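First the structure, in the form of structure tokens, and then the observations on it.
No value in this document is a laboratory result; all are computed from the given coordinates. None of these values were measured; they are calculated from a predicted model. No Cβ is skipped: glycine too gets one built from the backbone with ideal geometry, and neighbour counts run over all protein chains shown.
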Amino acid sequence: MDRIISFLFFLLIFFFVSPIVNAQVYPLRTIEEVQFVLNPQNDDQSFLLGDTIEVRGLVMNNVRDLAVNEGWACFILDVDFPQDPWQGLQIVQNDTTVTATLFGNVQSGMICRFTGVVEEAETMTQLSLLTDPLVPVVIESAGTFLPAPIPLGTADLTNRENGEQWEGQLVRIETAMITDNNFSSNRAVIEDNSGMPTFADDGFAFFNTRFGNGSYNWPPNGTEISIAGFVRSLTDGNSINPRDFTDLTTNINAPQISEVQRSIIVPTSTDMLTISAVITDNGSVSSASLHYSVDDSVWTTVAMSATSNLWEGEIPPRADGSFLRYFVSAIDDDGFMSSFPADTSRASGNVFRYIVRDNGARIADVQRTYGYNNDASGYVGYTIELQGIVMSQPTQFAGYFIQDAAAAWSGIFTTGTVNIYEIGDLVTMSGMIEEDFGLTKMNIITSELETAGVGAFMPVPQQTGDLTTGGLLAEAYESVFVSFQNVTVTEDLPDSANNFGEFIIDDGSGGLRVDDLSEQYEGNLGGAIIQGSVGDIQGIHYYQFSEFKLEPRDSNDVNLAVVGINEESNLPLNFALEVNYPNPFNPSTTIRYQIATAGFTKLIIYNVRGEKIRTLVASEQSPGQYSVTWNGRNENGKMVASGIYFYQLKSGNQQQVRQMLLMK
């Protein structure tokens with residue numbers, strides 16, 4: 001009987017409530033209305049910033065092609081005026097778990113309507129799709145031919161004053177020269193005969209992935225190129241982002257080095273190691289050299305031999321535990337020279353590297369950066385075997401965190417295994433090392449339980465300031481189980497009105513974000529985290545959306561006491577808004593809540609269009625627990641219609657919203 005009742009309730013919600021949620025109509029705006037600004041040099045923010053609107057446009061790329069953290073994105077152009085200024089816009093969906101938006105089905109050549117909020121991501125205007133309430137993408141048609149790129153020069157993109165009008169549009173610079181192929185953030189500086197520079201960038205996943213795994217670099221300085229791509233606005237200029245190699249044509253002046261590989265991924269002390277590279281030139285390659293260094297000693301140079309375009313050199317056996325660095329250089333018949341990587345300095349460059357191991361690789365071999373500012377692993381793109389202790393449950397994260405020591409560099413996130421393990425199990429995993437937008441992880445091919453119940457490592461005590469984004473030890477403790485004592489919640493809503501479940505803790509050394517990535521921990525979404533709370537906390541140190549964060553595995557990892565005492569139970573009070581009871585209801589329901597600090601408190605009922613229906617509470621209240629009954633009537637005393645309603649609690653600088661269903 002319970003199953004029948006539940007099923008009938010589901011049908012009622014699906015057929016009755018859903019149309020109400022999606023009934024909201026948002027204004028249709030043109031792309032130009034979103035993008036146009038009067039004085040972009042001084043202020044490039046959209047006039048519609050923060051508005052929820054609908055736009056219509058021609059989709060220019062598949063939504064998984066752009067490198068936008070863990071989300072989906074595409075560029076759209078105005079259907080009627082695709083080559084005019086102000087006619088391009090980026091559409092993003094940050095939470096790809098919400099598949100009902102239909103955004104995942106969008107492909108280039110479609111004409112679609114998108115509903116979302118106008119945002120500024122740094123200096124880039126974008127439309128963030130509306131997922132709550134959900135408004136699906138409307139696909140009008142498919143198969144439209146994409147317009148040709150707009151011909152521009154580097155001077156057109158050299159600053160915001162010139163380039164803002166082309167943001168989000170497909171452009172082409174016919175002839176330019178690379179003047180700095182190793183600028184920050186995987187960018188290259190290019191300029192044409194105007195002498196005004198702009199950037200080539202890796203905004204598309206095709207290039208971003210290759211930069212991440214070390215298999216590609218921009219052509220050498222002095223190379224003449226033709227480049228097409230989409231324009232993105234940056235804090236220090238604008239960039240043109242090619243989609244793949246068809247958007248980038250080079251007139252090579254110096255040798256091109258690519259596909260640098262080593263014959264053995266984890267060499268032992270008896271292995272002779274062969275390093276190979278593909279080297280091409282518009283003329284011929286005169287010579288190539290392999291440069292290697294043992295334990296940070298001076299560089300040794302050996303000549304490489306060629307079979308067609310494949311060049312090879314050897315590194316002789318080295319002692320167990322030795323740290324090896326290497327790179328490749330080449331000279332062509334015109335005397336032009338290039339190297340890969342082009343910049344081998346620790347401050348701004350990178351090198352290929354590995355550790356000699358007679359007993360297999362360690363997690364620290366994969367994670368350690370050895371002082372290089374570029375934090376990509378030296379094993380990216382290689383499949384290796386690692387052994388470690390399981391530090392998280394499969395019901396918490398979409399993968400396992402494993403460690404082989406309670407120390408820096410000793411943890412890694414693994415994904416892809418179908419085997420079930422428990423915290424404390426000793427496992428051996430084999431998989432490919434990847435860089436997932438700054439997070440080093442292992443994509444598992446095979447995994448095996450070695451010993452069950454060995455026991456998990458204790459958390460490593462740390463200071464919040466050391467592990468925050470930019471902290472001295474942040475990279476070293478990526479994916480390691482850590483703990484913090486005597487912290488204070490300094491911000492319970494660091495993202496203003498957008499409550500992503502995150503809050504900030506500080507032990508006096510600097511603030512660190514705490515996140516709700518675990519399925520068993522909701523962060524501040526439940527109103528349990530109050531600004532000013534103090535105590536201890538532990539979790540996995542993690543990198544996501546360009547920030548280092550602490551990820552508690554569940555509520556047992558969090559011991560934070562809130563301000564305020566419940567006089568009836570002597571238990572600490574939380575700021576909390578409970579689920580109303582009964583729900584669904586007819587004709588009345590009870591809403592319970594509690595506040596931890598004295599302040600002006602409001603409890604308001606809204607309909608799905610965001611219109612205020614009834615104010616239940618609007619007064620100063622002391623810390624405590626409260627209960628209010630709503631009789632389903634509006635401010636005028638009239639019964640409201642059946643449907644979904646939202647009730648919002650505000651007290652001081654805290655707020656929480658829940659929904660309820662009135663059924664008649």
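Here the label points at residue 485 and residue 80, each 7 Å from Cα along the C-beta direction, are separated by 6.9 nm in the simple model.
Residues 112, 74, ranked from the fewest to the most other C-beta atoms within 10 Å, line up as 112, 74. Sorted ascending by nearby beta carbons within 10 Å, beginning with the fewest, 362, 172 become 172, 362. Post the alpha-carbon centroid distance, the stretch 217-282 to the stretch 451-524, in whole angstrom. What the calculation gives is 37 Å, centre to centre. Summing charges over all other residues whose Cβ lies under 15 Å from the Cβ of residue 484, with Lys and Arg as +1 and Asp and Glu as -1, gives -4.
Angle of helix 2-12 to the longest C-alpha principal axis of the chain, folded into 0 to 90 degrees and rounded to 10: 80°. By the count of other C-beta atoms within 10 Å, a proxy for reagent exposure, 458, 442, 432 are ordered fewest to most as 458, 432, 442. Contact order for the stretch 150-251, expressed relative to its length and based on alpha carbon pairs under 8 Å spaced 6+ residues apart, stands at 32 percent.
Would you compute, from DSSP H runs of 4+ residues alone, the mean residue ellipticity of the chain at 222 nm, taking -39500 (n - 2.57) per run and dividing by the full residue count, rounded to the nearest 500? Don't jump to the answer; show the numbers that get you there.
Values: 7 runs with 41 residues, N = 664.
Theoretical 222 nm ellipticity from helices: -1500 deg cm²/dmol.
Summarising the label geometry, the points placed 7 Å from Cα in the beta-carbon direction at residue 134 and residue 554 lie 2.8 nm from one another.
For residue 99 and residue 635 in the same chain, what is the full-extension length gain: residue separation times 0.36 nm, less their Cα-Cα distance, in nm?
189.2 nm
Please check which bits of the stretch 85-127 a label hung off residue 469 would reach, taking the label as a point 7 Å along Cα-to-C-beta and the cut-off as backbone N under 11 Å. Residues 122 qualify, since their backbone N sits under 11 Å from the label point. Within the same chain, lysines fewer than 8 places from residue 612 are excluded, and of the rest, those with a Cα less than 19 Å from its Cα are 602, 638, 650. As a size descriptor, the averaged projected area of the C-alpha convex hull of the chain was calculated at 34.7 nm². The distance between label points at residue 193 and residue 268 comes to 6.2 nm (points 7 Å beyond Cα on the Cα→Cβ vector). Rounded to whole Å, the principal axis extents of the Cα atoms in the stretch 576-662 read 35, 22, 20, largest first. A simple charge model with +1 on the Cβ of Lys and Arg, -1 on the Cβ of Asp and Glu and nothing else charged puts the dipole of the chain at about 2040 debye relative to its Cα centre. When a/c reaches 1.5 or more, the comparison of a/b and b/c decides; with that in mind, is the stretch 335-400 rounded, prolate or oblate per its Cα gyration tensor? It comes out prolate by the Cα gyration axes. For residue 180, the shell of other residues with beta-carbons less than 12 Å away shows a net charge of -1, using +1 for Lys and Arg and -1 for Asp and Glu. Each Lys or Arg adds one and each Asp or Glu subtracts one; over the other residues with Cβ under 9 Å from the Cβ of residue 277, this totals -2.
Taking the DSSP beta bridges with both ends in the chain, the antiparallel portion is around 90 percent.
Return the FRET efficiency for the residue pair residue 161, residue 244: r is the Cβ-Cβ distance, R0 is 30 Å, and the value is rounded to the nearest 0.05.
Working: r = 30 Å, r/R0 = 1.01.
For residue 161 and residue 244, the calculated efficiency is 0.50.
P(r) tail, the stretch 444-545: Cα-Cα pairs separated by more than 23 Å, 31% of all pairs.
For the stretch 214-337, what class follows from the C-alpha gyration tensor (a ≥ b ≥ c being the square roots of its eigenvalues): rounded when a/c is under 1.5, otherwise prolate if a/b is larger than b/c, else oblate? Prolate shape, in that a/c is at least 1.5 and a/b is the bigger ratio.
Radius of gyration (Cα atoms) of the stretch 258-297, expressed as a multiple of 2.2 N^0.38 Å: 1.48. Look at where the Cα atoms of the stretch 315-373 and of the stretch 106-166 average out, and the two centres are 40 Å apart. For the stretch 363-451, the square roots of the Cα gyration tensor eigenvalues, ordered a ≥ b ≥ c, give a/c of at least 1.5 with a/b greater than b/c, which places it in the prolate category.
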